[in-house]
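Take a look at the structure below.
Just so it is clear, none of the values below were taken in a lab; they were calculated from the coordinates. Bear in mind that the values here come from a model prediction, so they are computed numbers and not experimental data. Note that we place each Cβ from the backbone using ideal geometry, even for glycine, and neighbour counts take in every protein chain shown.
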Amino acid sequence: KMKTPMLLVHGDADNNPGTFTLQTERYFQALKNLVAPVKMVLLPKESHGYAAKENILHLLWEQDQFLEKCLKK
């Protein structure tokens, strides 16, 4: 059983042939079905690298929330 929390982040328009968004979505669903502590964030209109300021700020916020929740006791 997986106990380590995981944050999955992906651009919903990723055009890298090795990292399709669908792969992240399936991995997320598989982990959720195993009741693993996982969260997925899809960044709208982003490719393999993130460019939009609002998405970068949202990503930083998600990372901060994740670390606050998972590292603080």
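Some notes on this structure:
- Less than 5 angstrom separates the built amide H of Val41 from those of Leu8, Val9, His10, all sequence-distant by 5 or more or on a different chain.
- With all projection directions averaged, the alpha carbon convex hull of the chain covers 5.2 nm².
- Among the lysines of the chain, pairs at least eight places apart or on separate chains and with Cα atoms under 26 Å apart come to 20.
- Dipole in debye (nearest 20) - the chain, about Cα centre, beta carbon charges: Lys, Arg +1; Asp, Glu -1: 480 debye
- Using the Cβ-Cβ distance between Leu42 and Lys72 with R0 = 25 Å, the FRET efficiency computed as 1/(1 + (r/R0)^6) comes to roughly 0.45.
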